Amino acid sequence: MDYTIYNEFLEVTVSDRGAELMSIKSRENGTEYLWQGDPAYWAGRAYNLFPICGRLTEGKYTYLGKTYEMNLHGFVRKSVLDATVLACDKIDFGIRADEKTLAVYPFEFEYHITYSLEGRSIRTEISVTNKSEATMPFALGGHPGFNVPLDSKGGFEDWELEFTPECSPRALRLSDTCYMLDGTDPFPLKEDRVLPLRHSLFDRDAVLLEGMSGKVTLRSDKSDRFVTVEFPDAMKYLSIWHTPKTDAPFVAIEPWTSVPARDGVIDVLEDKRDMFMLRPLATYELIWTITVG
């Protein structure tokens, strides 16, 4: 089921399946900012990632010596969450551990994602509570896709991503199947802040960065429209993606807290890279935002 929240500037639709954003539309000019899920390129729109980011080797991991299976980016994106409308401009979605989740992730937990509108911004607040008796490893991430171009002015390669403040990111090395390899490579930006978009950038799938600034704006000199994604230091990785080897008219700007499995290695969850380790009965909260104009 879809739910719509709104304020003076925005009308935002969210599905209870994965608490996935389905539309970000301006009430001022009718612009649709969010990718609309054309299956010819990518049927998704804005996945929420929990409790992993990226792929697991053979779709498996182990925890305390037992093997579990989990799909790409975790199970929340395919789960139906409980929706609670808090106001015309605010909605919460929640999921708790049940028999189905325990079969793939052996922890008692409660996950909430709350969307609230503040002017032309969508504030995404995620909270995770560990209700197990053991420390709980998990990761969080976003996966929103945005239309490129955002209007009829110019084509895909007239748009760019602008990083604020200036930075010198590095690209993590990925195998041809998008698993982690050792090392990183310099990923120079124009004037230490601009990444011009081109379809060939994604010929080997996603670009996965670290050491970048936490504010990224999709913009063009040919348009007044823009999208800005801001995320905290805890989201230390940024995946930039569209469907490989296509002319897909979108770009996904994906802040992550963790990374895919190593190439050819089945993760041991308690030792997996950059996982949060949440003690029993504790709650972790994270906030990131999307601003449009």
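The values are calculated or read from the model by the stated rules, or taken from the named source; none is laboratory data. Just so it is clear, the model here is predicted, and its values are computed rather than measured. Cβ placement follows ideal geometry from the backbone for every residue including glycine, while neighbour counts extend to all protein chains displayed. Please note that ligands, DNA and RNA were not included when accessible areas were found on the heavy atoms of the full protein model with its side chains. Shrake-Rupley method; radii C 1.70, N 1.55, O 1.52, S 1.80 Å.
Among 280-288, 261-269, what's the highest-first ranking by average C-beta atoms within 10 angstrom per residue?
In descending order of packing, they fall as 261-269, 280-288.
Apply the Karplus curve 6.51 cos²θ - 1.76 cosθ + 1.60, θ = phi - 60°, to the phi angles in the stretch 115-129 and return the couplings in whole Hz, x for Gly and Pro.
For the stretch 115-129, the Karplus-derived couplings read 9, 9, 9, 10, x, 9, 10, 10, 8, 10, 10, 10, 10, 10, 10 Hz, x marking Gly and Pro.
With a ≥ b ≥ c taken as the square roots of the eigenvalues of the C-alpha gyration tensor of the chain, please select rounded if a/c is under 1.5 and otherwise prolate if a/b is larger than b/c or oblate if it is not?
oblate
Label the stretch 1-107 by shape, choosing from rounded, prolate and oblate, from the square roots a ≥ b ≥ c of the eigenvalues of the Cα gyration tensor; if a/c is under 1.5 it is rounded, and otherwise prolate applies when a/b is larger than b/c, oblate when it is not.
oblate
Just the number, please: carbon plus sulfur as a percent of the accessible area of the chain, 1.4 Å probe, no ligands or DNA/RNA counted.
Roughly 46 percent of what the probe reaches on the chain is carbon or sulfur.
Assign one of three labels to the stretch 86-142, namely rounded, prolate or oblate, based on the Cα gyration tensor with a ≥ b ≥ c the square roots of its eigenvalues; rounded applies when a/c is under 1.5, prolate when it is not and a/b is larger than b/c, and oblate otherwise.
Prolate is the answer for the stretch 86-142, as a/c is 1.5 or above and a/b outweighs b/c.
Once phi is turned into θ = phi - 60°, what whole-Hz ³J(HN,Hα) does the Karplus curve with 6.51, -1.76 and 1.60 give for every residue of the stretch 200-209, x standing for Gly and Pro?
Listing the rounded values in order: 5, 4, 10, 4, 9, 5, 6, 9, 10, 10 Hz.
Hey, what do the phi angles of the stretch 59-68 turn into as Karplus ³J(HN,Hα) couplings, whole Hz, using 6.51/-1.76/1.60 and θ = phi - 60°, x for Gly and Pro?
x, 10, 8, 10, 9, 6, x, 9, 8, 10
Restricting to DSSP H runs of at least four residues, report the calculated mean residue ellipticity at 222 nm for the chain, -39500 (n - 2.57) per run over all residues, nearest 500 deg cm²/dmol.
Computed ellipticity for the chain at 222 nm equals 0 deg cm²/dmol.
Could you order the peptides 194-201, 30-37 from most to least packed, using the average number of other C-beta atoms within 10 Å per residue?
30-37, 194-201
Give me D for the stretch 51-156 in µm² s⁻¹, whole number, from Stokes-Einstein with Rh from the Kirkwood sum over alpha-carbon pairs, 37 °C and 0.692 mPa s.
The estimated diffusion coefficient comes to 203 µm²/s.
Take every Cα pair under 8 Å in the stretch 227-293 that's 6+ residues apart, average their separations, divide by the length, and report that relative contact order as a whole percent.
About 44 percent, as a whole number.
May I ask you to derive the relative contact order of the chain, considering only C-alpha pairs under 8 Å and at least 6 residues apart, and to give it as an integer percent?
That works out to 21 percent.
Averaged per residue, what accessible area in Å² does the chain show with a 1.4 Å probe, protein chains only?
Dividing the accessible area of the chain by its residue count gives 43 Å².
The stretch 220-244 to the stretch 46-100: how many Å between their Cα centroids?
Between the Cα centre of the stretch 220-244 and that of the stretch 46-100, the gap is 23 Å.
What does the highest-first list of 139-145, 95-101 look like by mean Cβ count within 10 Å?
Result, highest mean first: 139-145, 95-101.
Can you count the Lys pairs in the chain with C-alpha separation below 20 Å, eight or more apart or on different chains?
Step by step, the pairs that qualify in the chain add up to 14.
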